1. Tally time: how many residues in segment 18-41 are open to solvent by 30 Å² or more (accessible area, probe 1.4 Å) and at pLDDT 90 or above?
2. Could you list, in sequence order, all residues of segment 67-87 that are at pLDDT 95 or above and part of a helix (DSSP H, G or I)?
3. Starting from segment 161-177, take each residue that is surrounded by fewer than 23 Cβ atoms within 10 Å (Cβ to Cβ) and list its partners that are assigned to a helix (DSSP H, G or I) and of a type in the set (Phe, Trp, Tyr), counting only C-beta distances under 9 angstrom and pairs at least six apart or across chains.
4. Any residue in segment 129-147 that is under 15 Å from the mean Cα position of the chain (by Cα), aliphatic (A, V, I, L, M), under 30 Å from GLU95 (Cα atoms) and exposed (fewer than 15 other Cβ atoms within 10 Å of the Cβ)?
5. Within segment 73-86, restricting attention to residues that are in contact with a strand residue (DSSP E or B) (Cβ under 8 Å, 6 or more places away or on another chain) and within 10 Å of CYS53 (Cα to Cα), which residue is surrounded by the fewest Cβ atoms within 10 Å (Cβ to Cβ)?
6. For segment 86-116, name all the residues that are in contact with a Leu (Cβ under 7 Å, 6 or more places away or on another chain) and among the acidic types (Asp, Glu).
7. Filter segment 134-191 down to residues that are touching a Lys or Arg at 6+ places or on another chain (Cβ under 6 Å) and among the hydroxyl-bearing types (Ser, Thr, Tyr) and give me whichever is nearest to GLN84 (Cα to Cα).
8. Can you give me the number of residues within segment 188-221 that are open to solvent by 70 Å² or more (accessible area, probe 1.4 Å) and not basic (Lys, Arg)?
Amino acid sequence: MNIAVIFAGGVGSRMNTKSRPKQFLDLNGKPVIIYTLELFDNHPDIDAIVVVCIEPWIPFLEKMLKKFEVNKVVRIVPGGETGQLSIYNGLCAAEEYAAGQPGAVVLIHDGVRPLITEQTISDNIAKVAECGSCITCIPATETFVVNMGEGLEIPERKNSLVARAPQSFRLDDILSAHRKALAEGRNDFVDSCTMMNHYGHKLGLIEGPMENIKITTPTDYFIFRAMVEVHENQQIFGF
């Protein structure tokens, strides 16, 4: 069983949208989160979707799921106080849905990353089958500078990658890591691959598309709008 956990929750936003969170911004009559969910809903190897949502927006999301006929969402759960706790809520819902089915795989994705591809989802599932985990990355196109406190470390660009999403794991493994973190009083891991690396798991990786951006600023939204227009034009003209 392959379950997508889509993180569409959180407090605050870097976009000055005031009353509307960025995942619910509208483009061509459709919220950003629906663009993201459709990619997983239409993928033949995704069996179910769990959405972690800002609690006051759950009724609106339910209406949008019906309107756009997104059919694989089996649970919508409220987010937690941190990103880590929100993802944990989603994983617990996935565990409940999987009902102990052995070998369940979970793909953890941001609701504001609507520009991934079907191939990226397929590659994640295949990599988890191969080595137990998958981190979607892109090559670094600029130089990284790491502030070590007493000096700077500059990794070679050819060896540098940027982690994106999905980040995918065996459901039992990622839940075990989360429960270790909670037992230790840790709730500040920035993402799932950081947590899994901390607890000694070997991480596999695949290279995803460069356009797999996270929509957190107005510039990101304008890029997303342009990419949607490009994809629509390709379909119209058969490119």
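1. The total comes to 4.
2. The answer is LYS67, and nothing else.
3. LEU175/TYR88
4. Keep residues of segment 129-147 that are under 15 Å from the mean Cα position of the chain (by Cα), which gives 133-138.
Within this subset, residues satisfying the condition of being aliphatic (A, V, I, L, M) are 135, 138.
When the remaining residues are screened for being under 30 Å from GLU95 (Cα atoms), the result is 135, 138.
Checking which are exposed (fewer than 15 other Cβ atoms within 10 Å of the Cβ) leaves us with none.
There is no residue in segment 129-147 that is under 15 Å from the mean Cα position of the chain (by Cα), aliphatic (A, V, I, L, M), under 30 Å from GLU95 (Cα atoms) and exposed (fewer than 15 other Cβ atoms within 10 Å of the Cβ).
5. Step one: filter segment 73-86 for residues in contact with a strand residue (DSSP E or B) (Cβ under 8 Å, 6 or more places away or on another chain), giving 73-79, 83, 86.
Among the residues that remain, those that are also within 10 Å of CYS53 (Cα to Cα) are: 76-79, 86.
On the way: ILE76: 22, VAL77: 21, PRO78: 14, GLY79: 21, SER86: 23.
Going through the qualifying residues, I end up with PRO78.
6. Within segment 86-116, just GLU95 meets the criteria.
7. THR136
8. In the first step, residues of segment 188-221 are kept if they are open to solvent by 70 Å² or more (accessible area, probe 1.4 Å); the result is 188, 190, 197-198, 202, 205, 207, 210, 214, 219.
Now narrow it down to the ones that are not basic (Lys, Arg): 188, 190, 197-198, 205, 207, 210, 219.
Number satisfying all stated conditions: 8.
The values are calculated or read from the model by the stated rules, or taken from the named source; none is laboratory data. Because the structure is a prediction, the values reported are computed rather than measured. Cβ coordinates were reconstructed from backbone atoms using ideal geometry, including for glycine residues, and neighbour counts include every protein chain displayed. Please note that ligands, DNA and RNA were not included when accessible areas were found on the heavy atoms of the full protein model with its side chains. Shrake-Rupley method; radii C 1.70, N 1.55, O 1.52, S 1.80 Å.
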